[in-house]
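Undergrad: The structure under discussion is supplied below as structure tokens; questions concerning it will follow.
The values are calculated or read from the model by the stated rules, or taken from the named source; none is laboratory data. As the structure is a prediction and not an experimental result, all values here were calculated from the model. Using ideal geometry, Cβ is built from the backbone for each residue, glycine included, and neighbour counts are taken over all protein chains shown. Surface areas here come from the heavy atoms of the whole protein model, side chains and all, with no ligands, DNA or RNA. Shrake-Rupley method; radii C 1.70, N 1.55, O 1.52, S 1.80 Å.
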Amino acid sequence: MRKTRLAAIAASVALVGLPLAAGPASADDHGGELTAELSQLNDSGASGTAWAKVDGTNVEISLETQGLLDGAPHAQHIHIGGQNVCPANDQEGNGFEGALQVSDAADQYGAVAVSLTKEPGMTGAEHGLDVADFPAEGSYSYSRTIEVSEEMAQQIAAGDGVVVVHGVDHDGSGKYDGDTKSDLDPELPSEATDPAACGELNAAQMSMPHGGVETGGANTAGIEYPTALAFGTLALGLGGLGLFAARRRATN
Ligand SMILES: [Cu+2]
């Protein structure tokens, strides 16, 4: 008798739990909020988290970073284009001893769309290397609301934005130096512009990724979703059993 009721409850939880845990499945339902987990490129040891909220043509973006070279400017941008993904963490390129330079992964994260400078720095793509306007600490918190074009706002809201933080001390000298020149600006050492960390801005809620899970690169969006789903189902399952136990106590 007891077994049968438990089985019935388990079945109903499975039926009810799945759609509930999946939540709002529409990509339009995330309220324009996105997050990105930044992981290292070029063995930089850097990591970070970004949050963005798209409201009309305003993009409010916050960024927290760790593990970057301290005392050196870190150009940081929202890139759009290519496959809208980050390169794999161990991807190599044409730089110093196989270091990945910015252009080596352009077909993955696209071009600079928004320059995440500090106030009152300019935020257009053409200001992507205004080095004096970027944070210059090893770990920092950054926050700014930036007006972008309507097209860019839509692309970012749709999950096409990739946050890239630049500046890697390959040789451990404590500053940007070395003979390899930047692929973006020959006046700069490549260390000043090589990508240090990258993260894909994806819808913050548990909505299904637009057009399915992206492939290629180090995308983790497809991994978080089933985990959250499993936890949601588990929580509902436990809740259902708790309710069952309470009912039993009440009737006994
Ligand atoms: Cu960039």
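Undergrad: Test A105 against the stated conditions and say whether it is within 15 Å of the ligand (Cβ to nearest atom), hydrophobic (A, V, I, L, M, F, W, C) and assigned by TED's automatic domain parsing to the domain that holds A158.
TA: Numbers: within 15 Å of the ligand (Cβ to nearest atom): yes; hydrophobic (A, V, I, L, M, F, W, C): yes; assigned by TED's automatic domain parsing to the domain that holds A158: yes.
Judged against the criteria, A105 is a match.
Undergrad: I'd like to check something: does the stretch 94-115 contain any residue that is open to solvent by 20 Å² or more (accessible area, probe 1.4 Å), part of a loop (DSSP other than H, G, I, E, B) and small (G, A, S)?
TA: Within the stretch 94-115 (the criterion being open to solvent by 20 Å² or more (accessible area, probe 1.4 Å), part of a loop (DSSP other than H, G, I, E, B) and small (G, A, S)), the answer is no, since none of the residues qualifies.
Undergrad: Would you check if there is a residue in the stretch 171-191 being open to solvent by less than 50 Å² (accessible area, probe 1.4 Å), within 24 Å of G31 (Cα to Cα) and assigned by TED's automatic domain parsing to the domain that holds D43? Give the derivation first.
TA: The first filter runs over the stretch 171-191 and keeps only residues open to solvent by less than 50 Å² (accessible area, probe 1.4 Å), leaving 174, 176-178, 180, 182, 185, 188-191.
Checking which are within 24 Å of G31 (Cα to Cα) leaves us with none.
Checked the stretch 171-191: no residue is open to solvent by less than 50 Å² (accessible area, probe 1.4 Å), within 24 Å of G31 (Cα to Cα) and assigned by TED's automatic domain parsing to the domain that holds D43.
Undergrad: Also: Specify the residue that is least open to solvent (accessible area, probe 1.4 Å); the eligible residues are those in the stretch 59-84 that are more than 14 Å from S115 (Cα to Cα) and more than 14 Å from the ligand (Cβ to nearest atom).
TA: Taking the candidates together, the pick is A72.
Undergrad: Sticking with this one: Looking at G138, G121, which one is more than 15 Å from the ligand (Cβ to nearest atom), in contact with an Asp or Glu (Cβ under 7 Å, 6 or more places away or on another chain) and open to solvent by less than 50 Å² (accessible area, probe 1.4 Å)?
TA: Details: G121 fails: more than 15 Å from the ligand (Cβ to nearest atom).
Just a single option satisfies the conditions, and that option is G138.
Undergrad: Next question, about the same structure. Could you grab me the full set of residues in the stretch 163-183 that are over 14 Å from K53 (Cα atoms) and within 16 Å of the ligand (Cβ to nearest atom)?
TA: Of the stretch 163-183, the ones over 14 Å from K53 (Cα atoms) are 164-183.
Once the filter is applied, which keeps residues that are over 14 Å from K53 (Cα atoms) and within 16 Å of the ligand (Cβ to nearest atom), the stretch 163-183 yields V164, V165, H166, G167, V168, Y176, S182, D183.
Matching residues to (1) farther than 15 Å from L116 by Cα; (2) basic (K, R); (3) at pLDDT 95 or above; (4) assigned to a loop (DSSP other than H, G, I, E, B):
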{"position": "T145", "(1), (2), (3), (4)": "no, no, yes, no"}
{"position": "G172", "(1), (2), (3), (4)": "yes, no, yes, yes"}
{"position": "Q205", "(1), (2), (3), (4)": "yes, no, no, yes"}
{"position": "H210", "(1), (2), (3), (4)": "yes, no, no, yes"}
{"position": "L234", "(1), (2), (3), (4)": "yes, no, no, no"}
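Undergrad: Consider only pairs whose beta carbons are under 6 Å apart and that are at least six residues apart or on different chains; among these, list those whose first residue lies in the stretch 103-123 and is over 15 Å from E60 (Cα atoms) and touching a residue at least 40 places away in the same chain (Cβ under 8 Å) and whose second residue is charged (D, E, K, R) and surrounded by 22 or more Cβ atoms within 10 Å (Cβ to Cβ).
TA: Hits for this filter: zero, empty list.
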